[in-house]
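The values are calculated or read from the model by the stated rules, or taken from the named source; none is laboratory data. In this text the structure is predicted, and so the values were computed from the model without any measurement. All Cβ positions, glycine included, derive from the backbone under ideal geometry; neighbour counts span all protein chains shown. Side chains are part of the model used for accessible areas, which takes the heavy atoms of the whole protein and leaves out ligands, DNA and RNA. Shrake-Rupley method; radii C 1.70, N 1.55, O 1.52, S 1.80 Å.
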Amino acid sequence: SVTEPLKVMISGAPASGKGTQCELIVQKFGLVHISTGDLLRAEVSSGTEIGNKAKEYMNAGRLVPDEIVTAMVTTRLSRADAKEKGWLLDGYPRTFTQAQSLEELNIKPDVYIVLDVPDETLIDRCIGRRLDPVTGKIYHLKNFPPDTEEIKARLVTRPDDTEEKVKSRLEIYKKNVEAVISTYSKLLRRVDGNRPKEVVFKEIDSLLSQVQKDKEKPAKLG
Ligand code: AP5
C-alpha cells in the first residue's frame, strides 16, 4: 500500500498508563515506540553527557530542559524505521515549546490520545510500580505482579516514584497540559484510563484501527 504509516501521540499524567498501553499498541500495530522517559533513563544508566545533564532534573521530578529532549526526539524520528513503520510518541511534547518545535518541522500526528485517570489512582500506581531492567517491562506490585520469582528479584523502583515527587510531577503536568493540547485540539481523543488495561487497550485499538482505515481511503476529489 502507498498509505503513509500511522503517527500517534499518547499523553496523560504520570502513571496514567502510557508505557503500559504503548507495549500493547506496538505489539498490534508495529509502530516505533519513542518514549522520552525511556530514552532519558537509558542515557542516565549509560552515563552519557545527556544522561548526566538530565539526571538531576529527573530525580527531582522536574522536566528536563526542552533543547535536550527535543534534539533527542527529532534525531530518533528522522531514522528510517520511524518513517517506514510509523511512530508512537510517548511523553513528548510535554510543553508548549516542545509542541511548537514539532510544528516548525511540520511533524504532526494523525491522532493525539490523552489517558484520563484520577489523581488518587496515579499516586498509588507510581508507588507500586516496578521495572524489569532486563526486558524493560512495567509491573505493579498489586495490579501486575511478575510471574516468576526470578523476575521479581531483579525488579527496580524508579527514583522519581516517591509520593512527594509524584505530586510534583503531577503539578508540572497540569501546568503544561492545556497549552500542549491546544496545539492538537482537532486530533484530540480522550480515553478513560481508569479501567483494566485490556479494556483501555480495546478502545485504543479500535480508535487506531479507524484512523488507519481513514488514512487508506483515497482523498476525495473536489
Ligand atoms: P516519563 O517516564 O515519561 O514519566 P511520566 O510521564 O511521569 O509517566 P510514567 O512513566 O510515570 O507513567 P506511564 O503513564 O508510562 O504509566 P505506566 O504505564 O508506567 O518521564 C520521566 C521523567 O523524564 C520526567 O519526569 C522528566 O524529568 C523527564 N522527561 C520525559 N519526557 C520529557 C519531556 N518531553 N520534556 C522534559 N522532560 C521529560 O503505568 C504506571 C503504573 O501503573 C505501572 O505500575 C503499571 O503497571 C500500572 N498500570 C498501568 N495501567 C494500569 C491499569 N489500567 N490499571 C491498573 N494499573 C495500571
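Annotations
- The helices (runs of 4 or more DSSP H) found entirely in segment 139-222 that carry 2 or more residues being at pLDDT 95 or above and farther than 30 Å from Ser101 by Cα are 149-154, 197-216.
- Only listed residue being open to solvent by 70 Å² or more (accessible area, probe 1.4 Å), under 16 Å from the mean Cα position of the chain (by Cα) and within 25 Å of Met9 (Cα to Cα), chosen from Lys137, Lys186: Lys137
- Residue in segment 161-175 that is under 17 Å from Ile10 (Cβ atoms), open to solvent by 40 Å² or more (accessible area, probe 1.4 Å) and of a type in the set (S, T, N, Q) present: no
- Of all the listed residues (Leu188, Leu122, Leu105), the sole one being in contact (Cβ under 8 Å) with a residue 24 or more places away in the chain and within 18 Å of Ala60 (Cα to Cα) is Leu122.
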